[in-house]
1. Only one residue in 72, 84 is on the phi > 0 side of the Ramachandran plot and small (Gly, Ala, Ser), so which one is that?
2. Would you confirm, using the coordinates I've provided, whether residue 132 is assigned by TED's automatic domain parsing to the domain that holds residue 78, surrounded by 10 or more Cβ atoms within 10 Å (Cβ to Cβ) and at pLDDT 90 or above?
3. Consider region 109-121. How many of its residues are surrounded by 15 or more Cβ atoms within 10 Å (Cβ to Cβ) and either free of Cβ contacts under 8 Å to residues at least 40 places away in the same chain or aliphatic (A, V, I, L, M) (or both)?
4. Answer with yes or no whether residue 102 is touching a strand residue (DSSP E or B) at 6+ places or on another chain (Cβ under 7 Å), at pLDDT 95 or above, within 30 Å of residue 78 (Cβ to Cβ) and charged (D, E, K, R).
5. Please go through region 68-97 and pick out each residue that is over 11 Å from residue 118 (Cα atoms), out of contact with any helix residue (DSSP H, G or I) (no Cβ under 7 Å at 6 or more places or on another chain) and of a type in the set (D, E, K, R).
6. Has region 153-163 got any residue that is at pLDDT below 90, surrounded by 11 or more Cβ atoms within 10 Å (Cβ to Cβ) and hydroxyl-bearing (Ser, Thr, Tyr)?
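The values are calculated or read from the model by the stated rules, or taken from the named source; none is laboratory data. Because the structure is predicted, anything quoted here is derived from the model rather than measured. Here Cβ is always computed from backbone atoms with ideal geometry, including for glycine, and neighbour counts include all displayed protein chains.
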Amino acid sequence: MFWGCEHHHHHGHHHHAGPRGPRGPFGRGRPGFGGGPPGWWGDWFGAPPLRADRGGVRYLVLDALAERARHGYEVIQAIEQRSGDAYRPSPGVIYPTLQMLEELGHARVTEAEGRKVYEITDAGREDLKANRDYVDAFYERFAESSWESFAEDISDVMKRVGSLMKMLRHAMRRGRLTPAVLARTVKVLDKAAAEIEELLGEDDD
């Protein structure tokens, strides 16, 4: 069954929703639900936006260091900016990667304005050159799939889903959701779901 509704009757006390979150592409929602990834994206789709492969983060770090020497936080900022704010690696990923690159001899620690920074070595540049295709392809994925580029389209889809829920709730309250109507509704929704699933699977070939 494609659609399931559970209706609860509350007596006595009225429960009020908590503070509403910031406005995102789907309008305002609960805290953590608006304002773009990783909030609303994870809530709606069950997963964060695109991420780097575990072994590929090192090349993104080398790419950031190839521009200039940076400390860890600046590496995070550089990757975030190049991905169009769609991917922000955590310090728990970046700092161990920097340490690993130092141990491999692909980066070295130096000081700039009294701060510890990392700069790429010749060996690091060779490693980056050999894996340039990975770096370019990674950022191209964000250019093509950035949530900002199709946020309005997603919003239109979710508005229609919301309208359908309101329609069903309204019909339920008026006693119009008879077993016969529900059975026909399920068939319509199953057919629509199958067509949407087919559309979403077109790029898998």
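1. Answer to the selection: 84.
2. yes
3. The qualifying residues number 3.
4. yes
5. Correct list: 80, 85.
6. Within region 153-163 (the criterion being at pLDDT below 90, surrounded by 11 or more Cβ atoms within 10 Å (Cβ to Cβ) and hydroxyl-bearing (Ser, Thr, Tyr)), the answer is yes, since at least one residue qualifies.
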